[in-house]
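A short worksheet on the structure shown next.
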Amino acid sequence: MTLGTPLTSVATRALLLGSGELGKEITIELQRLGVEVIACDKYANAPAMQVAHRAHVFNMLDGQALRAVVEQEKPSLIIPEVEAIATRTLVELEQEGYRVIPTANAAFLTMNREAIRRLAAEELGLPTARYRFADTYEEFVQAVEEIGIPCVVKPIMSSSGHGQTTIKEDPSLDEGLRIKDERLNSSDSESLETKVISPSSYVLHPSSIVDHAWTESQKGGRAGAGRVIVEGFVDFDYEITLLTVRCAASDKGLRTQDERLNSSVDEGTKIKDERLNSSDSDTLETKVISPSSFILHPSSPAHTIFLEPVGHHQVDGDYRESWQPQAMSPVAKQKAQEIAKKITDALGGYGIFGVEMFVKGDEVIFSEVSPRPHDTGMVTMISQDLSEFALHARAVLGLPIPEVRFFGPSASKAIVVEGDTDKVVFSGLEKALSVPGVQLRLFGKPEVHGHRRFGVLLATADTVEHALEKVEEAYRYVDEGIRTQD
């Protein structure tokens, strides 16, 4: 393994596609290893651009624009940090010899909730929530009826909870309700039939609950309005992100602090590659992808490390707090590791993956996977000697990770700003940082329109509960001091 010197003809260059707070930390960790980083995003002055060697601003869903930047920079590595990327172009670039992290097909599959759900549930047989897909409002209403209420609605391409809603039973509708049931197959599209819905069943209320969910899903998709997934509501005790690292082998063998190690060597991996531009949205093509196209050093076996499970709390699908470790039964923890290994082996490549799961007792249900550092994993910036970003940097460069030291119970809390401005001012920081064991990261985002994460608070303590209390106390000081100016 060799690394060059930044800003020279022998530089090892990484092209970062997505320059948010996670990309900023990836940039810093890569630069610590002497990598020249070029940050890209759809807006100027994004967090990673503020620390990268240089930057490009363009629509990353534009395949021609993406290709032009790649051909100009000629990167050693292309590292996606967000979902909104022209993944078909990434596949083409990988076939031409560029290295995409972890793989172009992993980026393609995980950008699209339908593709990754079909891989997980139908190909790998992983336990998931019941689901249906819909392209139109009429198909959406039918999907909700089939799945039942409560259910969760998401655009097939979105992140951080954008466009996500939960349709719940409306307790105010406890007597027989009369609602309009559109006769979709009627020759008269305006023809409506009124019927009575029993109060003993979950109630569809198109004029409010269902309509709202559909509208939000169409506004929140990464690529605009379009296809959605309707998922059955899962009864769970807690949610976790199991941060899973695939990396090069160490001469001394990989180990985590609890010495739980799993390793694998990929042989050809069969995955489903959804043809999104096909007229038949259900048409899938199975192909074998050689592991040599995935990894920096195809002659090296890929080993898997599991970090301590991260528990988290979300609001409308957007992370608010996370903590590590999440207490789990040994049986549930083993099942979670088995699920994480199956899905990450199928995706292949080197890097860190955030595998989200629901846990009920000893049962574990797969939810989603991100082939990159995860927002809930920001807690690792204080809980471990190597954060998820440092681990990602090592892994994508083909460097071994002989050990990950976990320091103890830790927590994080996102600093969310609401408003419509490019002028956000923070005060009260001295009080927040007076809380023992607390650290602060401000991301440097240039503007907010609605609500947006602008920073994160981190804390360590003797217990997870105490760590959460610390970040909550520090948050109150910061929140009181946030000012937005029009």
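The values are calculated or read from the model by the stated rules, or taken from the named source; none is laboratory data. Bear in mind the structure is a predicted one, so any value in this text is a computation, not a measurement. Neighbour counts are summed over all protein chains in view; Cβ atoms, including those assigned to glycine, are modelled from backbone coordinates with ideal geometry.
Filter the stretch 398-428 down to the residues that are closer than 12 Å to VAL478 by Cβ and at pLDDT 95 or above and list them by number.
LYS413, ALA414, ILE415
Check off (1) surrounded by fewer than 24 Cβ atoms within 10 Å (Cβ to Cβ); (2) modelled with pLDDT of 95 or more; (3) out of contact with any Phe, Trp or Tyr (no Cβ under 7 Å at 6 or more places or on another chain) for HIS374 and give me the number that stays unchecked.
(1) is the only condition that HIS374 fails.
Can you tell me which condition VAL478 does not meet? The list is (1) over 13 Å from SER410 (Cα atoms); (2) surrounded by fewer than 20 Cβ atoms within 10 Å (Cβ to Cβ), and all the others hold.
With respect to (1) over 13 Å from SER410 (Cα atoms); (2) surrounded by fewer than 20 Cβ atoms within 10 Å (Cβ to Cβ), VAL478 is out only on (2).
Within the stretch 235-260, which residues are modelled with pLDDT of 70 or more and small (Gly, Ala, Ser)?
Of everything in the stretch 235-260, those that are modelled with pLDDT of 70 or more and small (Gly, Ala, Ser) turn out to be ALA248, ALA249.
Somewhere in the stretch 457-467, is a residue out of contact with any strand residue (DSSP E or B) (no Cβ under 9 Å at 6 or more places or on another chain) and not in a strand (DSSP E or B)?
To start, the set of residues in the stretch 457-467 that are out of contact with any strand residue (DSSP E or B) (no Cβ under 9 Å at 6 or more places or on another chain) comprises 462-463.
Checking the rest, the ones that are also not in a strand (DSSP E or B) come to 462-463.
Yes, the stretch 457-467 has at least one match.
Could you list, in sequence order, the residues of the stretch 350-389 that are of a type in the set (Asp, Glu) and part of a strand (DSSP E or B)?
Within the stretch 350-389, GLU356, GLU363, GLU368 qualify.
Being under 23 Å from the mean Cα position of the chain (by Cα) and under 21 Å from HIS449 (Cα atoms): is that true of ALA46 here? Reasoning before the result, please.
On the way: under 23 Å from the mean Cα position of the chain (by Cα): yes; under 21 Å from HIS449 (Cα atoms): yes.
In short, yes.
Can you pull out every residue in the stretch 125-145 that is of a type outside the set (Val, Ile, Thr), on the phi < 0 side of the Ramachandran plot and either free of Cβ contacts under 8 Å to residues at least 40 places away in the same chain or buried (at least 16 other Cβ atoms within 10 Å of the Cβ) (or both)?
Taking the stretch 125-145 and keeping what is of a type outside the set (Val, Ile, Thr), we get 125-127, 129-135, 137-140, 142-143, 145.
Pick out the ones that are also on the phi < 0 side of the Ramachandran plot and you get 126-127, 129-135, 137-140, 142-143, 145.
Of everything in the stretch 125-145, those that are of a type outside the set (Val, Ile, Thr), on the phi < 0 side of the Ramachandran plot and either free of Cβ contacts under 8 Å to residues at least 40 places away in the same chain or buried (at least 16 other Cβ atoms within 10 Å of the Cβ) (or both) turn out to be LEU126, ALA129, TYR131, ARG132, PHE133, ALA134, TYR137, GLU139, PHE140, GLN142, ALA143.
Out of all the residues in the stretch 22-34, which are among the hydrophobic types (A, V, I, L, M, F, W, C) and surrounded by fewer than 24 Cβ atoms within 10 Å (Cβ to Cβ)?
The answer is ILE28, LEU33.
Just one of LEU440, LEU458 is buried (at least 19 other Cβ atoms within 10 Å of the Cβ) and under 22 Å from VAL310 (Cβ atoms); which is it?
When all the criteria are applied, what remains is LEU458.
For the stretch 35-49, state whether one or more residues are in contact (Cβ under 8 Å) with a residue 40 or more places away in the chain, of a type in the set (Val, Ile, Thr) and buried (at least 19 other Cβ atoms within 10 Å of the Cβ).
yes
I'm trying to understand the selection: among the residues of the stretch 53-87, which are over 24 Å from GLN31 (Cβ atoms), assigned to a helix (DSSP H, G or I) and at pLDDT 95 or above?
GLY63, GLN64, ALA65, ARG67, ALA68
Which one of these does ARG117 not meet: (1) surrounded by 21 or more Cβ atoms within 10 Å (Cβ to Cβ); (2) over 16 Å from VAL230 (Cα atoms)?
Single failed check for ARG117: (2).
Would you check which residues across the stretch 209-234 are at pLDDT below 75 and of a type in the set (Gly, Ala, Ser) and list them?
Scanning the stretch 209-234 gives GLY220, GLY221, ALA223, GLY224, ALA225.
Would you confirm whether any residue within the stretch 324-344 is part of a helix (DSSP H, G or I) and in contact with a helix residue (DSSP H, G or I) (Cβ under 7 Å, 6 or more places away or on another chain)?
Let us first name the residues in the stretch 324-344 that are part of a helix (DSSP H, G or I), namely 330-344.
Now narrow it down to the ones that are in contact with a helix residue (DSSP H, G or I) (Cβ under 7 Å, 6 or more places away or on another chain): 343.
Yes: one or more hits.
For a quick check of your reading: which helices (runs of 4 or more DSSP H) sit entirely within the stretch 102-200 and have at least 2 residues that are farther than 30 Å from GLN337 by Cβ and modelled with pLDDT of 85 or more?
The qualifying helices (runs of 4 or more DSSP H) are 137-147.
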